[in-house]
1. Might you check whether a residue that is at pLDDT 95 or above and at positive phi occurs anywhere in the stretch 161-168?
2. As an exercise: evaluate LYS250 against (1) exposed (fewer than 14 other Cβ atoms within 10 Å of the Cβ); (2) more than 21 Å from GLY142 (Cβ to Cβ) and give the number of the one condition it does not meet.
3. Confirm whether SER174 is among the hydroxyl-bearing types (Ser, Thr, Tyr), over 19 Å from the mean Cα position of the chain (by Cα) and surrounded by fewer than 19 Cβ atoms within 10 Å (Cβ to Cβ).
4. So in the stretch 89-113, with the set limited to residues that are buried (at least 20 other Cβ atoms within 10 Å of the Cβ) and among the β-branched types (Val, Ile, Thr), which one is nearest to GLY13 (Cα to Cα)?
5. Which of the residues belonging to the stretch 188-219 are touching a Phe, Trp or Tyr at 6+ places or on another chain (Cβ under 8 Å) and part of a helix (DSSP H, G or I)?
6. Among the numbered conditions (1) more than 19 Å from the chain's Cα centre (by Cα); (2) surrounded by 20 or more Cβ atoms within 10 Å (Cβ to Cβ); (3) not assigned by TED's automatic domain parsing to the domain that holds GLU238, tell me where TYR133 comes up short.
7. Only residues that are more than 18 Å from PRO115 (Cβ to Cβ) and either buried (at least 21 other Cβ atoms within 10 Å of the Cβ) or of a type outside the set (Lys, Arg) (or both): list them for the stretch 73-88, please.
8. Taking LEU185 and the conditions (1) assigned to a loop (DSSP other than H, G, I, E, B); (2) within 22 Å of PHE120 (Cα to Cα), which numbered condition does it fall short on, given that it satisfies the others?
Amino acid sequence: MKNISVVGAGAVGIFYGAKLEKAGFKTEMQTRSARRKSEILQMQIRSLWGNFKSKVKLFRSTTDMTPADLVIVSVKSLPIIGYKELLAPLLRKNSSILLLQNGINEEEKLHKIFPDNPVFGGLAFTCINKVSYTKIEHLDYGFIKIGPLKRKDFKLAKTIAEIFSKAEIPVETSADLRYLRWLKLLWNIPFNSLSVICNRATTDKIIRNKNTYELAEELMNEVLLIAKKEGSRIPASEIKAMLERTKKMKPYKTSMLLDFEKGNRMEVDAIFGEPLRIAKKLKVKTPVLETVTGILRFMDENRRKQMN
């Protein structure tokens, strides 16, 4: 895999894409916010792994890009995304698709659209912000966990992981993608929701306040119940461990809070709506998750009306 495309390149996509470009892989990136049809930008990356600069090829549309061996999808997980039109110009017969996205069941959607291309989930446990058009700030963590949608593609998942390793990105692989998805939601659900609902709170404010700490813990317990009912047995000890890791994180605005502040559509359906539908199907009671989801849906709609 030598040719790589990053689709929906925001802070996360540009950071990892720039690392891959720096490691010698031919990398092209797409973002709707591109100022021109195509351009070469000198990106400045400020990272706890070491600051660096990287020239990135940026495109407004995937139709102007070269078909790739590996297509990394880092676009927001929104119902309005037309994956077929977005990804088809980049895919060859043997191209692999890696989703660096939040939420759950997104890989299944992609497989239905592109049944002949192997699909993988990539979970980026990281804190990365876009400071300006040409500046990215990597604040904390950064490792990626990769798993195949189909277990028969696990060997290929390891090949993809080797690519990230060559770019000096810490990476792990697992044959159980579903487990990884629930593990990521264990953090995303409480901290993305509370950051928006609690007056634009950064992670440090949430974790150090008794009320929001307990609320985060309640949400995590509900996520754990859904995952367990479905068959993903995440140990209960992971909740305390995750909360302790969050205490040590640098103060961070979640991606959902950044979207809310900009008036962008938030990933409410992928991160909250889909787990809630799974819970109802499995008859798991999740009163806190249900309440938080309703509040976020209201805030999402109301905020976008105000911005328009």
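1. There is at least one residue in the stretch 161-168 that is at pLDDT 95 or above and at positive phi.
2. (2)
3. No, not satisfied.
4. ILE97
5. ILE189, SER193, VAL196, THR203, ASP204, ILE206, ILE207, ALA216
6. Here TYR133 clears every test but (2).
7. Once the filter is applied, which keeps residues that are more than 18 Å from PRO115 (Cβ to Cβ) and either buried (at least 21 other Cβ atoms within 10 Å of the Cβ) or of a type outside the set (Lys, Arg) (or both), the stretch 73-88 yields SER74, VAL75, SER77, LEU78, PRO79, ILE80, ILE81.
8. (1)
The values are calculated or read from the model by the stated rules, or taken from the named source; none is laboratory data. Note that this is a predicted model, so its numbers are computed, not measured. All Cβ positions, even for glycine, are placed from backbone atoms using ideal geometry, and neighbour counts span all protein chains on display.
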